[in-house]
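All remarks here apply to the structure that follows.
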Amino acid sequence: MAEESKPSNRKGKEKEKAAKKLHKAIDGLSNEQVTQLLDLNPALATELANGSDDNPNAAAEALRRLNLQDIMTGLASSGKNVKDMGAYKFWATQPVPKFGEEQAANEPFEEGPIKIQTVDEISKEPAPLIDGFEWATLDLLDAAQLKEVWELLNGHYVEDDEAMFRFNYSASILKWAMMPPGWKKEWHRGVRASQSKKLVAFIAAIPVELRIRDKTLHASEVNFLCIHKKLRSKRLAPVLIKEITRLCNLEGVFQAIYTGGIVLPKPVSTCRYYHRAINWQKLYDVGFSPLPANSKPQFQIRKYAVPERTSTRGLREMQKKDIPAVQDLLTRYLAKYDMAATFDKHEVEHWLLHNKKDAPEEQVVWSYVVEDDHKKITDFVSFYCLESSVINHPKHTNIKAAYLFYYATEVGLTDPVSKDALKARLNALVSDSLVYCKQYKFDVYNALSLMDNGLFLEDQKFGPGDGQLHYYLFNYRANPIAGGVDKRNRLDLENLSGIGKTQI
Ligand SMILES: CCCCCCCCCCCCCC(=O)SCCNC(=O)CCNC(=O)[C@H](O)C(C)(C)COP(=O)(O)OP(=O)(O)OC[C@H]1O[C@@H](n2cnc3c(N)ncnc32)[C@H](O)[C@@H]1OP(=O)(O)O
């Protein structure tokens, strides 16, 4: 899943107020440290800025509640869900690595499953739900049931910290994300109110062949966990997670990958969101983009202007005939990352090729290839569309966001690789994809610090966001994977990222 993220420097005034309080409360913090603390912890900034001015200890108290190391590394990015291992009542019972484990040795360990089970040991029946609720399998081929899932997510799925924006996955993106080759109806699991039959909770999984370093797991990818707002904090999430685990186990799948904006035991990697304004004025109007001090709207609009035309010779829309070449190129390119999915030709078609028979407004993914003079496909780049609802805004109801998806280039596959050449090529490809984003009327282009993105994010004017995406593995112990940001949550241009897996 994605995490709702916004540019991290949005609230100038609020940050100024919070910074003053921090300086007052804690001697010896430099201006840079204060700025960084607040950038990494927007919730802390809000709390400080809105807190009483009469209590000089408030800032120190707010800080004490967070672990300083976590704050400085950005793990406590929102201040939410940062708790001792013992407080993870549910997760402490699950086959996931715990905080503090393996840290003492600080040496790479043998990677592998945490708990070994067989299908025979798995219950054929779901755990009972509390009175008034019942399990349901959702048939997403049925438009009415797809609409029910859409409605639940549309009203109750992920929001940003300040509840300004909420992901609005369209029906087409839901089908795309939940029905790739090999999808199973049984893995689209919901809870209904027994009387009204209203869908009140949902969780989904899809199959994925996931390579982690030298081992490939026959795993699942869990996403779209959502509980109706009225049923929150009733420990229903663990029930849904155990149920999807059971359903995966019944199919012989014992490992899973999932992502989220909250800190759970224990991320295998953490990436940061970056945002590239396209329609700056609209992003400013809805409170997504700030107007930096000493700037003016017209400067911002000029700064984010996008060229009218693409510049890479041979760039064109991907077609069906390109599937074998793109699959080959993508497979070789992803091999360099510590973690990546493996894609067969059907999966490449599903994830990258827009079906022209669908109505234009149903288009979810845009992919472009570069064909050289010998008709060889040398590069490709893709992005997908995920809108967000703007909550309670008088003028705008949605933000149309493009998310950078997969890309690959022969320039990154030479031996040895020239980092300068790769940087130049990726900048050209992403800059051209931005041209298409603008043509298709996207308001913003989002990307994470994964893959080789560190090579172009700053050049292409992507700014750091306040959101992070933590990657988790279920029932698999793996050494940490670089998320593309350093300990201070800034782009790690030297090491880049070991993550070659994107999440919808
Ligand atoms: C082998 C196959 C394995 C398959 C399974 C692999 C694992 C898959 C794991 C799921 C991957 C999902 C990937 C996505 O879809 S991430 C998207 C998550 N969805 C949202 O953020 C939508 C809006 N929020 C909600 O709908 C609810 O707040 C949710 C449903 C998130 C929690 O509901 P609620 O707020 O009413 O809480 P509770 O009282 O029922 O339960 C509290 C317990 O739940 C733990 N919790 C809270 N949020 C998450 C979270 N995002 N991942 C994992 N655990 C989470 C929490 O730490 C606590 O446990 P513990 O701290 O006491 O230990």
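For Asp372, Asp214, what's the fewest-to-most ordering of other Cβ within 10 Å of each Cβ? Before the final figure, lay out each step's value.
Working: Asp372 12, Asp214 7.
Ordered from fewest to most neighbouring Cβ atoms within 10 Å, Asp372, Asp214 come out as Asp214, Asp372.
Which is farthest toward the positive dipole end of region 89-226 among Pro128, Val158, Leu138, measuring Cα position about the Cα centre, with Cβ charges +1 (Lys, Arg) and -1 (Asp, Glu)?
The residue sitting farthest along the positive end of the dipole is Leu138.
When the Cα centres of region 441-492 and region 387-401 are compared, how far apart do they sit, in Å?
If you average the Cα positions of each part, the centres end up 24 Å apart.
About the Cα centre of region 269-500, how large is the charge dipole given +1 on each Lys and Arg Cβ and -1 on each Asp and Glu Cβ? Please answer in debye to the nearest 20.
Numbers: 30 positive and 29 negative charges, 127 e Å.
In debye, rounded to 20, region 269-500 gives about 600.
So how strong a dipole does region 224-347 carry about its Cα centre when Lys and Arg Cβ are +1 and Asp and Glu Cβ are -1, to the nearest 20 debye? Each step should come with its number before you reach the end.
Working: 22 positive and 10 negative charges, 111 e Å.
Charge dipole of region 224-347: 540 debye, to the nearest 20.
Select from Gly252, Trp280, Leu231 the residue farthest towards the positive end of the dipole of region 229-281; place +1 on Cβ of Lys and Arg, -1 on Cβ of Asp and Glu, and compute about the Cα centre.
Leu231
Take the Cβ-Cβ distance between Asp420 and Asn106 as r, set R0 to 35 Å, and report the resulting FRET efficiency rounded to the nearest 0.05. Mind showing how you got there, number by number?
Details: r = 33 Å, r/R0 = 0.95.
About 0.60, to the nearest 0.05.
Got a sec? Charge dipole of region 269-500, +1 on Cβ for Lys and Arg, -1 for Asp and Glu; which of Ala428, Pro307, His470 is way out at the positive end?
Pro307
Given charges of +1 on the Cβ of Lys and Arg and -1 on the Cβ of Asp and Glu, with all other atoms neutral, how large is the dipole of region 459-504 about its Cα centre, in debye to the nearest 20?
Values: 6 positive and 5 negative charges, 31 e Å.
Taking the Cα centre of region 459-504 as origin, the dipole is about 140 debye.
Looking at region 113-260, what % of its DSSP beta bridges pair antiparallel, to the nearest 5?
Working: 22 of 24 bridges.
Roughly 90 percent of the DSSP beta bridges within region 113-260 come out antiparallel.
Among Glu148, Glu361, Glu162, which comes first, then next, by fewest other beta-carbon atoms within 10 Å?
With the fewest neighbours first, Glu148, Glu361, Glu162 line up as Glu361, Glu162, Glu148.
Bear in mind these aren't lab numbers, they're just calculated from the coordinates by the rules spelled out. Only a predicted model underlies this, so the values are computations on that prediction, with no experimental measurement involved. Backbone-built Cβ (ideal geometry, glycine too); neighbour counts: all protein chains shown.
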